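The values are calculated or read from the model by the stated rules, or taken from the named source; none is laboratory data. Bear in mind the structure is a predicted one, so any value in this text is a computation, not a measurement. Here the Cβ positions follow ideal geometry from the backbone for every residue, glycine too, while neighbour counts run over all protein chains shown.
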Amino acid sequence: MNAVADIAGIVLGGLAAGTVLFIVSVGLSVTMGLMGFVNLAHGAFAMFGGYLIVLAMNRAQYGFAAALALGFFGTAALSVVLERFLYRRLYRAGELDQVLFTIGLIFIFIAGITIVIGPEHQTLQLPAALSGQLNLGFIAYRTYSIFLIVIGFLIALGIWLTFERTRIGGQIRATVDNRRMAESLGIDVDRLFTITFAFGSGMAGLGGGLGAEFLGLDPQYPLEYLVYFLIVVSVGGLGSVIGVYYAALILGVLNFALTLYLPKGGTIFIYALTILMLLARPRGLSGRKEQ
Amino acid sequence: MSKRMIAALAALAVSGGAPGAASAQEVKIGLILPYTGPGAELSPNMDRAIDLYQKLDAAQIKPFKLTIIKRDSKAPNGAAAKVDTQELLTQEKVDVIAGYIYSPDAIASAPVITAGKRLAVIMNAGTAFITNLSPYYVRTSFTLWQSSYVMGEQAAKYLHAKTAVVAYTDYPPGKDALDAFKYAFEHNGGKVIDAIPAGGPGATPDFTPFFQRAKDEHPNVLFVFVPAGDQATAVVKTYAALGMKAAGIQLTGTGDIVPDNMLQGMGDSAIGLITVHHYNADLDNPQNKAFIAAWKKAYGADATPDFTSVGAWDGIAAIVHALHATKGKIDDGAAAVKSLEGWKFASPQGPIEIDPQTRDIVMNEYLDQVYKGSDGKLHEKVLATFHNVKDQCKALAIGPCAPKK
Amino acid sequence: MSVAVSRAGDAAAPIANPAARALMRRHRLRWWEALPWLAGIAFYFAFPDYLSFGCDLIVTILFALSLDLALGYAGIITLGHAAFFGTGAYAVGMLASYNVWTEPITALLLAALAAAVIGFLSGLVLLRTAGLTLLMLTLCTMALLEQAANMGHAYTGGFDGLPSLPIAPVFGVFEFNPLYADTQYLFALGVLFACFVFVRTLVYSPFGQSLTGIRENILRMHAIGSPVRRRVLVCYTISAALAGIAGGLWAQTNAYVNLSALGLDRAATVLIVLILGGYGRLYGAFIGAVIYLALEHFLAQIYPTAWQLGLGLLLVLIALFARGGILGLGEALWRRYGGKLSQRRRDGPTAP
Amino acid sequence: MTKIRLETQALSRRFGALVAVQNIDFKLAAGARHALIGPNGAGKTTFINLLTGVLPPTHGRVLLGGRDITAMAQAERVKLGIARTFQINRLFRGLSVLENVCIAVAERVGAARSMFYPAGRRTDVIDEAMALLQTLKLAEVARHRVSELPYGRQRLVELAISIALSPKVLLLDEPAAGVPSAESHIILDAIERLPEDIAILIIEHDMDVVFRFASRVTVMVGGALFAEGTPREIESNMQVRDVYLGQAPYRAAHV
């Protein structure tokens, strides 16, 4: 096997794995950075979106794109309801109360999905155009991985432009930096949070569907992958979109390479890498201030 | 002191209820399955099999009446299963214990079963040495050594493979599968060139790096074991997406990578896979035909039983046999176990027998291939049948199955 | 020497002040503190069929108590406390499984020692951080240990664990009973009592007071010259040792040990138990463990497939309506309804 | 009388490109009542942080009673007698006033290490804390949670904690900041009644307070020492007026 193809395989595989984590986690980073809200139930939104997408395709014969849109907006809508009626009450509470609340929410989601849909695993049926392999010239690679990498890049770019170029993005950045200051400048932080929370949850829902090909989808989803989402957010830095993007991609590629060459190490690498990165940069790659 | 009193009370209660009651004698079966947690998706298929048996073979059960008391073994770590076992025995005073999907559940409960002196039928847990842990354990499911050993043998003999890469979930069944495959394959002239631990039994890992590594090593076959469930689909999809078939690598495994109830969801990627297992829903025997027909009638045309269902079906059949053999005194665990030693049964999976020495199941293994039928659905056809396969781990006294010094 | 005293010419009798009196009396035993132990003994006689569950309950209380020391008193938010529970469990389990050491009491001390070593070493590195970073570092450290235990399956039994551990009789006399778990229960209750007395003493000591100070305002503790880092490390090590005892006790009462001793499930559950009961309150561990485990256990018997819904609702409701967990809710209610009267009586007319 | 308690030599601190404190030579005499003034961002708080060991200096030395303490940790400096208050309250908000002070006293007398007997038995600690509260007229709220007190009283607790350390050098960072003027006098009264042998350095914006309290004033601007003298000298110094006293609107908003 030639070296170029080897390296390309590693990079593409790692980027695809990292992209999935990025799409699901980016919302968590922003909401935690913005309000300091420890939303462990973020994965539950991803699961909810994933179920919407997969069920829409399998049972209601939606197309892939339409199902993705449904997943995004459906999850965002649900999150707005929960945010207005429940999350809102806990903004000023301690982080441990938030932990209790969001873990309880995870249980409710797990039980709800198990009761309504059933405990079994759901399978995503990719459209024919996205399955199989794509020839890139120097290497033929899994089409869906390349599709994911491109989508992830577009999303990261889109969010970054929103943050840097728009009014609302500026407000978000100001609030992440210093909430009290932002409030005194007349920014409606509550409204801002509802919007970002909805958007972040919608992204999670989208990620739940897009990532189902790799992560699978069953009622245990919010607990199974919680650690990975938290790792990406903490290594990336709270409230930093670009940080989370880099963290997801770096961890994805490094973990992929190490697993490929040293499979006996199992999951050790991801944890060891996280510990090393956090000891070196306790506030994350491009972390703004904590809390 | 209080211990003795309780034991006496328990004995009184049991003996008082047992013999020659005029109406149907009630037999309490404590059923321990994970109804929540990672194993939750496996339980319904076993529950359904147990319900179906009682409906279909009601005549067999008479004059007894089975009362099933269900308990949730929760996360697959043995903790809840052990407490469940203890309370079913002491509080509910059940006559028989059944269930156990995950091996740690059966392992943790072993001392309780031994002390409780009741028959316990393992309906799924597959770690080979479990039956050594308590003289009251009887297993109607399988061990990984049974299927993987045959697969290793046939990879060399039937597929004429010279080299193999093994990818396995990094927990005891996975290691059993690896050991069995490797032992049989290498004793038949093959060579396992790499063994890749591919993640744990919980979260589905990204199989791409593992399969990428396997692909780069160009083996004749890739042998995979993952727990039946969410991971199976990811295995088959990743195999297809990486173009490994085109690269001349045959995917093989135990039947766990093509569970019957998930087969249709895998799509065309699954076509051509070769596996060894003791059951598939397409098996051509009268018991299975009746079983499938009844299943689809009861649970819908799209519903399919799988090997876990058959393990539960056979387990209940074993309990009913022990009931008759002991004339209702199934709560005498030693007698119940004795009555099952050498027991033969025509199961939907073909003829089975309980090995009198090990109390483990002896059964047929089938070399299967997935194909697309004329109905547009995926099916499995049997390429070869291997009769009366014993658990090779105990037969060869290897590793953890070797008698402890 | 003391500025204040030298100037306090008019300090007639500071002891007479109710605040001082309250502080001096705070560590004294109150009548209701006997209740948990009476309940524990009553449980033994009333529910002989549930003693296995009772053992799990006691182990969880002890584990939550150890976490309370770190989280509730020193303010160390960790999601990796099962690392120490698991260390203790594996210490006891491996010693017993290979027939090296089966005497239960000394084995627990060894478990405490092993866990303390891991706690001290990891604390030395990790406790410099705070917040989400600390949370993730403790979690990842635990995951590393878990993976190490999995990779060393030849010795640890991996996922399946080490089965049927031989445990010697307590005091050489009382055999563990695998079916009714009565000996185990009393043994566990005794261990819990000893550990509780230790923790209670610690919490009301000047050391415990300074830990509270660290939780309340770490910068201020630095500014009054407290060796904060050392104190937190000492506390973390003690907490780890107690968690190790809880883990060892778990291995002994269950006669097996497996990977679940080290997992995120266990670490998260104990955190929830403690928050639910009320952290930093000593008895929060008791209340939380009893409510959580009893609900989980009995709800699961009635609704094997749907009990998580009930548990989830409870957690959400407590989080929404009871700051400081169930004990916090109790305190708030007491202050509102029951407490006014008795407080007025104690304080006399000076209280505004 | 002219004995020097605290001294800095060429003390500097940078944050990246920003020089927050620049080459400061400063002396605080025993029993001094010294005010440190300067516009916002002049580096006053950073200077205090360097004196107490919160931050290490990038250059220069700190001497306490002639002894070089530059390399010492904050805790060791406290043991040698440097105490401070913060510009923003740093209190144990969930604890009672008495406990707040007790924790400080226990730390000073070395009781805080003890694990195996109840804090309530250290009546010496409680007595001392209680006596201190009486001198500061906080005894009647000793039982109250700090978070329940009005802000002015909270500032007083902040002061009480630092006094409980029986310091030789006391650094007060805007002790009356944020306190309504109706209440600020209780704090100033308390400061005035402190033992005479303590050397006090007070950061203050309110010139009335400075005049009432300080016998010497140092002006800091842009991280460097700008002027030093008696309050009267400083007041009549035209340059000081330009750079600092000219910022009247800021003062008004702040005080």
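Odds and ends about this structure:
- Of all residues making up the stretch D:81-135, the number that are among the acidic types (Asp, Glu) and within 30 Å of D:Asp68 (Cα to Cα): 1
- Each residue in the stretch D:189-242 was checked for being within 14 Å of chain C (Cβ to nearest Cβ) and free of Cβ contacts under 8 Å to residues at least 40 places away in the same chain, and 5 of them qualify.
Listed here are the residues, each with its yes/no results for (1) touching a Gly at 6+ places or on another chain (Cβ under 8 Å); (2) of a type in the set (S, T, N, Q); (3) not assigned by TED's automatic domain parsing to the domain that holds B:Thr127.
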| site | (1), (2), (3) |
| --- | --- |
| B:Lys297 | no, no, no |
| B:Gly311 | no, no, no |
| B:His324 | no, no, no |
| B:Ser339 | no, yes, no |
| B:Pro351 | no, no, no |
| B:Ser374 | no, yes, yes |
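- Residues in the stretch B:56-88 that are of a type in the set (Val, Ile, Thr), within 29 Å of B:Pro348 (Cα to Cα) and not in a strand (DSSP E or B): B:Ile61, B:Thr85.
- Sole exception among (1) surrounded by fewer than 24 Cβ atoms within 10 Å (Cβ to Cβ); (2) within 10 Å of chain C (Cβ to nearest Cβ) for B:Arg48, by number: (2)
- Residue check for D:Val221: β-branched (Val, Ile, Thr) and not assigned by TED's automatic domain parsing to the domain that holds D:Asn40: no
- Qualifying strands (runs of 3 or more DSSP E) (wholly inside the stretch D:1-114; at least 1 residues being under 16 Å from the mean Cα position of the chain (by Cα), in contact (Cβ under 8 Å) with a residue 40 or more places away in the chain and surrounded by fewer than 16 Cβ atoms within 10 Å (Cβ to Cβ)): none
- Being within 7 Å of another protein chain (Cβ to nearest Cβ), surrounded by fewer than 20 Cβ atoms within 10 Å (Cβ to Cβ) and in a helix (DSSP H, G or I) is a property that C:Gln308 lacks.
- Sole residue being assigned to a loop (DSSP other than H, G, I, E, B) and either touching a residue at least 60 places away in the same chain (Cβ under 8 Å) or not basic (Lys, Arg) (or both), chosen from A:Leu206, A:Leu223, A:Leu238: A:Leu238
- Hits in the stretch B:319-354 - residues which are under 16 Å from the mean Cα position of the chain (by Cα) and assigned to a loop (DSSP other than H, G, I, E, B): B:Pro348, B:Gln349
- Tabulated pairs, the stretch B:255-273, first in contact (Cβ under 8 Å) with a residue 60 or more places away in the chain, second assigned to a helix (DSSP H, G or I) and β-branched (Val, Ile, Thr), C-beta under 8 angstrom, 6+ apart or interchain: B:Val258/B:Val236; B:Met266/B:Thr233; B:Met266/B:Val236; B:Ala270/B:Val236; B:Leu273/B:Val236; B:Leu273/B:Ile257
- Checking C:Gly80, C:Gly86 one by one, the residue that is among the small types (Gly, Ala, Ser) and over 30 Å from C:Asn217 (Cβ atoms) is C:Gly86 and no other.
- Selected residue (criterion: surrounded by the fewest Cβ atoms within 10 Å (Cβ to Cβ)) from residues of the stretch A:248-279 that are within 14 Å of chain C (Cβ to nearest Cβ) and in contact with a Phe, Trp or Tyr (Cβ under 8 Å, 6 or more places away or on another chain): A:Leu262
- Residues located in the stretch D:58-79, provided they are hydrophobic (A, V, I, L, M, F, W, C), at the interface with chain C (Cβ under 9 Å from one of its Cβ atoms) and more than 25 Å from D:Leu188 (Cα to Cα): D:Ala73, D:Ala75
- A search for C-beta distances below 9 Å between a residue of the stretch D:116-128 that is facing another protein chain (nearest Cβ under 7 Å) and any residue that is of a type in the set (Gly, Ala, Ser) and assigned to a loop (DSSP other than H, G, I, E, B), counting only pairs 6+ apart in sequence or on different chains, returns D:Phe116/C:Ser205; D:Tyr117/C:Ser205; D:Pro118/C:Ser205; D:Ala119/C:Ser205; D:Arg122/D:Ser114; D:Asp127/C:Ala11; D:Glu128/C:Ser2; D:Glu128/C:Ala8.
- Against the test of being assigned to a helix (DSSP H, G or I) and surrounded by 24 or more Cβ atoms within 10 Å (Cβ to Cβ), the options C:Leu108, C:Leu113, C:Leu189, C:Leu121 yield a single qualifying residue, C:Leu108.
- Among residues of the stretch C:154-177, those that are within 7 Å of another protein chain (Cβ to nearest Cβ), on the phi < 0 side of the Ramachandran plot and either of a type in the set (Ser, Thr, Tyr) or buried (at least 22 other Cβ atoms within 10 Å of the Cβ) (or both), counted: 3
- Every pair of residues 6+ apart whose Cβ atoms lie under 8 Å, when the first sits in the stretch C:151-177 and is of a type in the set (A, V, I, L, M) while the second is buried (at least 17 other Cβ atoms within 10 Å of the Cβ) and at pLDDT below 85: C:Met151/A:Gly266
- Residues (farther than 24 Å from B:Leu52 by Cα and not acidic (Asp, Glu)) located in the stretch B:327-336: B:Lys329, B:Gly333, B:Ala334, B:Ala335
Residues checked against (1) among the aromatic types (Phe, Trp, Tyr); (2) under 28 Å from B:Thr326 (Cβ atoms); (3) in contact with a Gly (Cβ under 8 Å, 6 or more places away or on another chain):
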{"position": "B:Gly37", "(1), (2), (3)": "no, no, no"}
{"position": "B:Ala40", "(1), (2), (3)": "no, no, no"}
{"position": "B:Asp47", "(1), (2), (3)": "no, yes, no"}
{"position": "B:Gln54", "(1), (2), (3)": "no, yes, no"}
{"position": "B:Phe64", "(1), (2), (3)": "yes, yes, yes"}
{"position": "B:Thr67", "(1), (2), (3)": "no, yes, no"}
{"position": "B:Lys82", "(1), (2), (3)": "no, yes, no"}
{"position": "B:Leu89", "(1), (2), (3)": "no, yes, yes"}
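- Scope the stretch C:62-105; condition among the charged types (D, E, K, R) and surrounded by 20 or more Cβ atoms within 10 Å (Cβ to Cβ); matching residues: C:Asp68
- Verdict on C:Gly330 being surrounded by 12 or more Cβ atoms within 10 Å (Cβ to Cβ), modelled with pLDDT of 80 or more, assigned to a helix (DSSP H, G or I) and within 14 Å of chain A (Cβ to nearest Cβ): no
- Annotation note: of A:Leu52, A:Leu70, the sole residue that is buried (at least 23 other Cβ atoms within 10 Å of the Cβ) and farther than 27 Å from A:Ser240 by Cβ is A:Leu52.
- Set B:Glu92, B:Glu87: member being within 11 Å of chain C (Cβ to nearest Cβ), surrounded by fewer than 21 Cβ atoms within 10 Å (Cβ to Cβ) and acidic (Asp, Glu): B:Glu92
- C:Leu274 vs. criteria aliphatic (A, V, I, L, M), more than 11 Å from every other protein chain (Cβ to nearest Cβ) and touching a residue at least 60 places away in the same chain (Cβ under 8 Å): no
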